[in-house]
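Below is one structure; the comments refer to it alone.
The values are calculated or read from the model by the stated rules, or taken from the named source; none is laboratory data. Worth saying up front: this structure is predicted, and the values here are computed from it rather than measured. A quick note on method: Cβ atoms are made from the backbone with ideal geometry, for glycine too, and the neighbour counts reach across all protein chains shown. Quick note on the areas: whole protein, heavy atoms, side chains included, nothing else; ligands and nucleic acids left out. Shrake-Rupley method; radii C 1.70, N 1.55, O 1.52, S 1.80 Å.
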Amino acid sequence: MPKLAVVNPATGKVAATLPADDAKSVAAKYQRARAAQPAWARVRLKERLAVLAHFRELVVRDAERLAEVLTTEVGKPITQARNELKGVLPRIDFFLEETAHALRTERVSGERGGPMEERISHEPLGVVANISAWNYPWFVGSNVFVPALLAGNAVLYKPSEFAALTGAEIARLLYEAGVPQDAFVPLVGGGAVGEALLAQPVDGVFFTGSVATGKKIAAALAGRLVKLQLELGGKDPIYVCEDVDVSQAAAGIADGAFYNTGQSCCSVERVYVHHAAFDRFVEAFVAEVKRFRRGDPREDATYIGPLTRAPQLKVLEAQVKDAVKKGARVLLGGKRGKGPGNWFEPTVLVGVDHTMDVMREESFGPVIGLMAVADDAEAVRLMNDTRYGLTAGVYTRDRTRAEKILAQVRSGSVYWNCCDRVSPRLPWSGVGDSGVGLTLSTYGIETFTRPKAWHLRSA
Ligand code: NAD
């Protein structure tokens, strides 16, 4: 049987070894899920809601242990791991509160029992694959498996190989809460296990991860009539206008860029500053980043941890090298930290432009470029000069100016005086290479269903 080694990114040591899946076990798990799905769909919604409400209670009960597991395998600073566990609760609450209404059968015309009645019901898709990223495994996982299960689907859940222990914890708690073992089936392993899952005749694929993998998944499903959602990367910009309180703006934006060690899909990855505020903003921003405490992710006060994946160190080094070669200046950091473990110094660059990878390609680490712009029009042009479009924001005291700018930005989410923010009540989606489809909001409940049209004529 294949094995998966879980490596602690802060120490480089193996923290656990898990039995992993192979193509044969994936096929068997698919068969189990397929057989179990109709019975799960027949369970009354009220009961499925009660089971997921129990799951929520169990997450609260075990939160500290779950946070420690997350810190061990992902290197997420423990305070931020606790925040992720806390943050998943309002998402579950949203689904518990909204699913019955979102999935109600609607009569859209005619009277009940009248000569011609028309209704829409929401049917589960069937067996869905949930292939997930490691950076926020509780968030990106629960955005899919909670509403998918509530809607009556069976879920084949493949957490990232870098968050496999969290995946096992999620399965343990769902089973304890009362989800049947064959209605939620976790898979253990990396890309090959994901590929084996895609080879099964699933009814939907819900993916969160990189653009490169998303495109491979789209190619693997080409020619198959399967619902596909891809939540991919970003190169999210912020524009700072000259009228802001620079200290306040710098504090919010530095947090948006460096929280989770910069490993968020919606991390701030590029900052444009009106030239009249540029020097003041840069000074405040650097002061803010210098305050971030880097070190052992198990300590409460640690803000910057290791990178979860060692190969990303090379990506960041290459981005800094490319930028410096083309004229950028490193104001802070710029290189690896001392090992063992995957450490990179928080890095701030100025003198950057759009010929540089650091302003074009996702960094997914603690690296940021700050660039002066002449006016709002140039800021909008640069914000849109990207193949991505996940989030974008503006900092200004002037709401009218902010809304005018944000209306012109191609992006799934837009922010005024905030950033790196997700709300369960709003759809989470991307434009361009940031993906197709969405999670969260009531649309993110309906997406796990197929509308069925009822034409009922009384005899
Ligand atoms: P990744 O693409 O390397 O892996 C994601 C998942 O896909 C993992 O479970 C992996 O095992 C699996 N996988 C890899 N190759 C596969 C294949 N050929 N077929 C099927 N499955 C395969 O991404 P990652 O490093 O885990 O995550 C980081 C990326 O995710 C970043 O780009 C980040 O921006 C993005 N992300 C996006 C969102 C969003 O909501 N848009 C949220 C979190 C992360």
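The condition (being away from the ligand (no atom under 13 Å from the Cβ) and under 24 Å from R61 (Cα atoms)) is satisfied by just one residue among A163, A81: A81. Going through K3, K29 one at a time, which residue ends up being out of contact with any Gly (no Cβ under 6 Å at 6 or more places or on another chain) and surrounded by fewer than 17 Cβ atoms within 10 Å (Cβ to Cβ)? K3 is the lone residue from the list that is out of contact with any Gly (no Cβ under 6 Å at 6 or more places or on another chain) and surrounded by fewer than 17 Cβ atoms within 10 Å (Cβ to Cβ). Surrounded by fewer than 19 Cβ atoms within 10 Å (Cβ to Cβ) and over 22 Å from the mean Cα position of the chain (by Cα) - does that describe any residue in the range 409-426? No; the residues of the range 409-426 include none that is surrounded by fewer than 19 Cβ atoms within 10 Å (Cβ to Cβ) and over 22 Å from the mean Cα position of the chain (by Cα). Selection of first residues in the range 363-388 that are within 15 Å of the ligand (Cβ to nearest atom) and of second residues that are part of a loop (DSSP other than H, G, I, E, B) and of a type in the set (K, R), restricted to Cβ pairs under 9 Å at least 6 apart or on distinct chains, gives the following pairs, ordered by first then second residue: S363/K235; F364/R309; T386/K235; T386/R360; T386/R410; R387/K235; R387/R360; Y388/K235.
Residues in the range 414-436 that are within 11 Å of C266 (Cβ to Cβ) and near the ligand (Cβ under 10 Å from one of its atoms): V422, W428, G430, S434.
To keep it simple, each residue is scored yes or no on (1) basic (K, R); (2) surrounded by fewer than 17 Cβ atoms within 10 Å (Cβ to Cβ); (3) in contact with a His (Cβ under 6 Å, 6 or more places away or on another chain).
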| position | (1), (2), (3) |
| --- | --- |
| D300 | no, yes, no |
| R309 | yes, no, no |
| V320 | no, no, no |
| P366 | no, no, no |
| G393 | no, no, no |
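Taken over the range 238-265, the criterion of being open to solvent by 10 Å² or more (accessible area, probe 1.4 Å) and either away from the ligand (no atom under 16 Å from the Cβ) or within 18 Å of M359 (Cβ to Cβ) (or both) is satisfied by E242, D243, V244, D245, V246, S247, Q248, A251, G252, D255, C265.
I'd like to know if the range 280-292 contains one or more residues that are part of a loop (DSSP other than H, G, I, E, B) and in contact with a Ser or Thr (Cβ under 8 Å, 6 or more places away or on another chain). Looking for residues that are part of a loop (DSSP other than H, G, I, E, B) and in contact with a Ser or Thr (Cβ under 8 Å, 6 or more places away or on another chain), one finds none in the range 280-292, hence no.
Output the residue which, of all residues in the range 183-202 that are in a loop (DSSP other than H, G, I, E, B) and open to solvent by 50 Å² or more (accessible area, probe 1.4 Å), is farthest from the ligand (Cβ to nearest atom).
Of all residues in the range 183-202, those in a loop (DSSP other than H, G, I, E, B) come to 183, 187-190, 199-202.
Pick out the ones that are also open to solvent by 50 Å² or more (accessible area, probe 1.4 Å) and you get 199, 201.
Values: A199: 10, P201: 16 Å.
Here the answer is P201.
So which residues in the range 368-391 are among the charged types (D, E, K, R) and either crowded, with 18+ Cβ neighbours inside 10 Å or touching a Lys or Arg at 6+ places or on another chain (Cβ under 9 Å) (or both)?
Filtering the range 368-391 for residues among the charged types (D, E, K, R) gives 375-376, 378, 381, 385, 387.
Scanning the range 368-391 gives D376, D385, R387.
Matching residues to (1) buried (at least 24 other Cβ atoms within 10 Å of the Cβ); (2) touching a strand residue (DSSP E or B) at 6+ places or on another chain (Cβ under 9 Å); (3) more than 18 Å from W428 (Cβ to Cβ):
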| position | (1), (2), (3) |
| --- | --- |
| S132 | yes, yes, no |
| P137 | yes, no, no |
| V140 | yes, yes, no |
| F145 | yes, yes, no |
| A148 | yes, yes, no |
| K158 | yes, yes, yes |
| E161 | no, yes, yes |
| L173 | no, no, yes |
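Within the range 410-431, not a single residue is within 27 Å of V273 (Cα to Cα) and part of a helix (DSSP H, G or I). Could you grab me the full set of residues in the range 357-387 that are touching a strand residue (DSSP E or B) at 6+ places or on another chain (Cβ under 7 Å) and assigned to a loop (DSSP other than H, G, I, E, B)? The answer is E362, S363, G365, P366.
Condition check: out of contact with any Cys (no Cβ under 6 Å at 6 or more places or on another chain), hydroxyl-bearing (S, T, Y) and open to solvent by less than 30 Å² (accessible area, probe 1.4 Å). Does Y272 satisfy that? In short, yes. Among the residues of the range 442-459, not one is in contact with a Lys or Arg (Cβ under 6 Å, 6 or more places away or on another chain) and surrounded by 22 or more Cβ atoms within 10 Å (Cβ to Cβ). Go through (1) under 20 Å from S267 (Cα atoms); (2) open to solvent by 50 Å² or more (accessible area, probe 1.4 Å); (3) not small (G, A, S) and name the single condition T439 misses. Status for T439: all satisfied but (2). Taken as a whole, the structure places V205 among residues that are in contact with a strand residue (DSSP E or B) (Cβ under 7 Å, 6 or more places away or on another chain), open to solvent by less than 10 Å² (accessible area, probe 1.4 Å) and outside any helix (DSSP H, G or I).
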